[in-house]
1. Ordered by residue, what ³J(HN,Hα) values in Hz, to whole numbers, does region 60-65 give under the Karplus form 6.51 cos²θ - 1.76 cosθ + 1.60, where θ = phi - 60° and Gly and Pro are x?
2. Would you kindly state how much longer the chain becomes between Ile107 and Glu57 on full extension, computed as 0.36 nm times their sequence separation minus their alpha carbon distance, in nm to one decimal?
3. Using 1/(1 + (r/R0)^6) with R0 = 35 angstrom and r between the beta carbons of Arg72 and Tyr45, what's the FRET efficiency to the nearest 0.05?
4. Would you please put 47-59, 85-97, 64-76 in order of how densely packed they are, using the mean number of other Cβ atoms within 10 angstrom per residue and starting with the highest?
5. Spelling out what I want: for every residue of region 70-77, take phi, set θ = phi - 60°, compute 6.51 cos²θ - 1.76 cosθ + 1.60 (Karplus), and round to whole Hz; glycine and proline get x.
6. For region 97-112, take each phi angle, set θ = phi - 60°, evaluate the Karplus expression 6.51 cos²θ - 1.76 cosθ + 1.60, and give the result in whole Hz per residue in order, putting x for glycine and proline.
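Any read-out appearing in this document is the output of simple, stated calculations on the displayed coordinates, not a laboratory observation. Just so it is clear, the structure is predicted and the values come from calculations on it, not from any experiment. For neighbour counting, all protein chains shown are included, and Cβ atoms are generated from backbone atoms with ideal geometry for every residue, glycine included.
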Amino acid sequence: MLDWLKRYGSIAHRDVTAEPAAPKPDGARMAGQYRLLYTFLEHRYSNTVALTFGQIEDLIGFPLPDVARTDREWWTATPDTSEPRHSQAWTQASMTATPNLLAQNVIFERAP
């Protein structure tokens, strides 16, 4: 029984002096209509995730705006935190976006 408690994290064996981690905000508030992309990126164990524009559209359920296919700034601009924006989907998942507009894909990398 003691082995089972140790293995599965009994309260008796946890470090109760450690500060609890601050909860992350709800994905719905964080990324607005792009929250499904946020959820996908947030739950990846990999530090690098490569997605085509088509895969991103499949995830979010609607087409990316035309500017996303022609303007690198759409992917790399710092999000305004006063209202949900598309770039919060990856920035609040602790990732950066590096688009390749010719290849129509984006490399998301975990920020240090």
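1. Computed from phi, the couplings for region 60-65 are 7, x, 7, x, 5, x Hz.
2. Values: separation 50, 0.36 × 50 = 18.00 nm, distance 1.49 nm.
Net length gain for the segment: 16.5 nm.
3. Numbers: r = 28 Å, r/R0 = 0.79.
Calculated value: 0.80.
4. Details: 47-59: 15.0, 85-97: 20.8, 64-76: 13.4.
Highest mean packing first, the order is 85-97, 47-59, 64-76.
5. Once θ is set to phi - 60°, the couplings for region 70-77 become 10, 10, 4, 4, 4, 8, 10, 5 Hz.
6. 10, 10, x, 10, 5, 5, 7, 6, 9, 9, 9, 9, 10, 5, 6, x
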